[in-house]
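Novice: I am attaching a structure below and will ask some questions about it afterwards.
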């Protein structure tokens, strides 16, 4: 078979592009530039990380400082409110204590008067007899003492004086006088240079003095 028409001989030699002189140095320079760019990028990344961390830290500290300031302001406001409430409570407490003291004093006085009235009803001559005993311990022996009482109590007082005389070696110079102007249980004792009156007002003052001594 004839293949001479249209056939081209096969070329065994292949042409390759030859790098121009000095291309090796350019590649090295490019590699250095790439390395420098990479280092710069890494440095920028590191700086960015540091800046970001610093910003976060500063933001945290600023927020923490603001929170502390707000907390201190809240605490101060709460303390001011507490002090104001305490002052109001203190004033109310003092008023309550004063009111309770007054009520307690009035109640104690009423109880004292009730007890005195009860003692007067049960033993109307007892207080007079005790007063006679106090007078006898203060005056000279044999000095005359007149005891004015309501007529209804005259016999009771005379009987008490007789009981005293029986138990005392000295002569008791006691004279009972009937005075219908005195209330039952009241009496007026007189002796030379002195006197003693027993009445409701005196008993009330005595009770009040006892309560005052107790700080009521």
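Read-outs throughout are calculated quantities, based only on the coordinates presented, and are distinct from any laboratory measurement. Since the structure is predicted, the reported quantities are computational estimates derived from the model, not experimental observations. All Cβ positions, glycine included, derive from the backbone under ideal geometry; neighbour counts span all protein chains shown.
Novice: Residues in the range 165-190, backbone N under 19 Å from the label point at residue 206 (7 Å along the Cα-to-beta-carbon vector): list them, ranges by number please.
Specialist: The answer is 182-190, whose backbone nitrogens lie closer than 19 Å to the label point.
Novice: Would you mind computing, in nm to one decimal, how far apart the modelled labels at residue 53 and residue 30 are, each placed 7 Å from Cα along Cα→Cβ?
Specialist: 3.7
Novice: Roughly what would the spin-label model give for residue 40 and residue 68, points 7 Å off Cα along C-beta, in nm?
Specialist: The two pseudo-label positions are separated by 4.3 nm.
Novice: Compare the peptides 177-185, 43-51, 159-167, 144-152 by average per-residue count of other Cβ atoms within 10 angstrom and give them in order, highest first. Walk me through the intermediate numbers first.
Specialist: Working: 177-185: 14.6, 43-51: 10.0, 159-167: 12.7, 144-152: 18.1.
So the order, starting with the most tightly packed, is 144-152, 177-185, 159-167, 43-51.
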